[in-house]
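The values are calculated or read from the model by the stated rules, or taken from the named source; none is laboratory data. Treat the numbers as computed from the prediction; the structure is a model and nothing was measured. Cβ coordinates were reconstructed from backbone atoms using ideal geometry, including for glycine residues, and neighbour counts include every protein chain displayed.
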Amino acid sequence: MASQNPFSPTFGASPLVLAGRDDILDDIDDALAVGPTHPDYTALFIGVRGAGKTAMLNAVEDLARQRGWLTISDTAAPAGLLERLANAAARLLSEHEPPPPARRLKKVAVSGVGSVEFQQVPEAERSHELRSLLAALGDRLADNETGLMITLDELQSGVLDEIREFGTVVQHVTRREGRPVAFAGAALPQIEDTMLSDDAATFLQRCSRRDIGRLDLPATRAAIAGPLEERGAAIDPRALEEAVAATSGYAFMIQLVGFHAWKAAHDPLSGITAEEVAIGIAEAEQRISRLVLAPTLRGLSNVDRRFLVAMARDDEASELATVAARLGVGVNYAGVYRRRLIKAGMIVPVGKGRVDFAHHAARAWLRDEPAYAAAVFPRVGAHSYPKVGDEQADHT
Ligand SMILES: Nc1ncnc2c1ncn2[C@@H]1O[C@H](COP(=O)(O)OP(=O)(O)O)[C@@H](O)[C@H]1O
Ligand SMILES: [Mg+2]
């Protein structure tokens, strides 16, 4: 249908054209062909909110299914991960003849503790159960020369002990015993300071780490022009460049700009004009502020927010030293916040000692007086900003 909008600005939705990720997907496809010795057999996608991690997990599952593999897909939170995975594995086993021997193992594990609730089943037993099930499923699939792909989203929100147990299980079943059980996980960059720095989570540390970053220019063009082409629509070449520039290659923004440009267009089939794209960009910038910037800002400390506001006084990229001076702090101190804000997806480094906003929309949005006051000092009136250096409200 010609009028159906080909863009999907929704978290977790797979885009019509998944642009710029062929290298990673090729490597993973290769890994599935080669087996557990391939470094990408267990992979970790790391990127900021809206970068396209969930879309990548979906794509990896598609790859696996195209090879005739089975898939288990879950998110790391809430608690109870091992139980959920064990249930999913048991279901797959029972669906794939012959009757699963591991079913018995599950009963043995449960009968050992009588009729108690799952919460009371010791961690070790749950992980033993999962290991038996995955081993049985892996053996069965190996006989058919296929395998099992497990994907876990939002790893940073998981329970560390559960992720650790899961890692031990997969490590045994896959790496040590060579069964075809592959893994792909997704996490926000903050995981580098939490789970990845925890020595016990060696499994995650050993996964190949793939950056889900911004798309480069050609990929961004493809991400916008591709879906239009699929609908038989066209776009003015200059307008396409405007749209591309407005997204900075950020996946969620690509979908927003595409979606709203399409919506603004009178007749996409005869060509989306520069004016229509401009309307789409303006609309997208409003939405990105609401959907990404505001929630991210809420999760930051006051000092981090103040750093951003100090940056917003510049019309382009900021010198770190200048921002530090505005805040009345040393450059080394400002460097700590710089690092955290990069991980939060709010700013990007540009050359030595300089940073810029990750989203064009952030500068104007932060300068906007009510938003600025509410964001920086949520419990204080708009005209009574605390002095810089008054840090008691910070949780840093
Ligand atoms: N490579 C890509 N090319 C074009 N659009 C993408 C790409 N990856 C993701 N998207 C789109 O970007 C948005 C955010 O993707 P999502 O996977 O939910 O991000 P994350 O899981 O990192 O928060 C979705 O609308 C999705 O369709
Ligand atoms: Mg996601």
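Couple of notes before you dig in:
- Identity of the residue in segment 128-165, within 16 Å of ligand 1 (Cβ to nearest atom) and hydroxyl-bearing (Ser, Thr, Tyr), that ends up farthest from Ala88 (Cα to Cα): Ser157
- Criterion (touching a helix residue (DSSP H, G or I) at 6+ places or on another chain (Cβ under 8 Å), farther than 30 Å from Arg175 by Cα and surrounded by fewer than 23 Cβ atoms within 10 Å (Cβ to Cβ)) met by exactly one of Ala278, Ala251: Ala278
- Filter pass, Arg206 being within 16 Å of ligand 2 (Cβ to nearest atom) and under 22 Å from the mean Cα position of the chain (by Cα): no
- Candidates Ala375, Ala393 - the one that is modelled with pLDDT under 90, of a type in the set (A, V, I, L, M) and within 28 Å of Gln286 (Cβ to Cβ): Ala375
- Among residues of segment 54-81 that are closer than 21 Å to Arg179 by Cα and of a type in the set (A, V, I, L, M, F, W, C), those with a Cβ under 7 angstrom from a residue that is within 14 Å of ligand 1 (Cβ to nearest atom) and not in a strand (DSSP E or B), sequence gap 6+ or separate chain, pair up as Leu63/Leu25.
- Condition met for Val257 (touching an Asp or Glu at 6+ places or on another chain (Cβ under 9 Å), crowded, with 19+ Cβ neighbours inside 10 Å, among the β-branched types (Val, Ile, Thr) and at pLDDT below 95): no
- Hey, Val181 in contact (Cβ under 8 Å) with a residue 24 or more places away in the chain, touching a Lys or Arg at 6+ places or on another chain (Cβ under 6 Å) and among the aliphatic types (A, V, I, L, M) or not: no
- If you check Val309, Val303 for being at pLDDT below 90 and in the same structural domain as Ala334 (by TED's automatic domain parsing), only one passes: Val303.
- Scanning segment 202-230 for residues that are touching a Ser or Thr at 6+ places or on another chain (Cβ under 9 Å) and assigned to a loop (DSSP other than H, G, I, E, B) turns up Cys207, Arg214, Leu215.
- Residue match in segment 178-187 (condition: part of a helix (DSSP H, G or I) and either more than 25 Å from Gly68 (Cβ to Cβ) or in contact with a strand residue (DSSP E or B) (Cβ under 6 Å, 6 or more places away or on another chain) (or both)): no
- Looking only at segment 58-68, residues that are within 16 Å of ligand 2 (Cβ to nearest atom), surrounded by fewer than 24 Cβ atoms within 10 Å (Cβ to Cβ) and among the aliphatic types (A, V, I, L, M) come to 1 in all.
- All of (1) more than 21 Å from Ala77 (Cα to Cα); (2) in the same structural domain as Arg126 (by TED's automatic domain parsing); (3) in contact with an Asp or Glu (Cβ under 8 Å, 6 or more places away or on another chain); (4) not acidic (Asp, Glu) hold for Leu152 with one exception: (1).
- Within segment 25-52, considering residues that are outside any loop (DSSP other than H, G, I, E, B), aliphatic (A, V, I, L, M) and touching a residue at least 40 places away in the same chain (Cβ under 8 Å), the one nearest to ligand 2 (Cβ to nearest atom): Ile46
- Filtered residues of segment 220-241 (kept if closer than 18 Å to Ile24 by Cα and surrounded by fewer than 20 Cβ atoms within 10 Å (Cβ to Cβ)): Ala222
- The number of residues in segment 134-157 being more than 22 Å from Asp62 (Cβ to Cβ) and within 14 Å of ligand 2 (Cβ to nearest atom) comes to 2.
- Leading residue by the ranking (farthest from Thr220 (Cα to Cα)) among those in segment 10-24 that are part of a helix (DSSP H, G or I) and away from ligand 2 (no atom under 16 Å from the Cβ): Asp23
- Of all the listed residues (Gly68, Gly114), the sole one being over 23 Å from Ala13 (Cβ atoms), assigned by TED's automatic domain parsing to the domain that holds Met149, modelled with pLDDT of 95 or more and assigned to a loop (DSSP other than H, G, I, E, B) is Gly68.
- Number of the exception - Gly20 against (1) at positive phi; (2) modelled with pLDDT under 95: (2)
- Residue selected from segment 143-168 under the condition among the β-branched types (Val, Ile, Thr) and in contact (Cβ under 8 Å) with a residue 60 or more places away in the chain, by the criterion nearest to Gly47 (Cα to Cα): Thr151
- Checklist (1) in contact with a Leu (Cβ under 7 Å, 6 or more places away or on another chain); (2) surrounded by 19 or more Cβ atoms within 10 Å (Cβ to Cβ) applied to Arg214, failing item: (1)
- The set of residues from segment 24-54 being within 12 Å of ligand 1 (Cβ to nearest atom) and surrounded by fewer than 18 Cβ atoms within 10 Å (Cβ to Cβ) comprises Leu25, Arg49.
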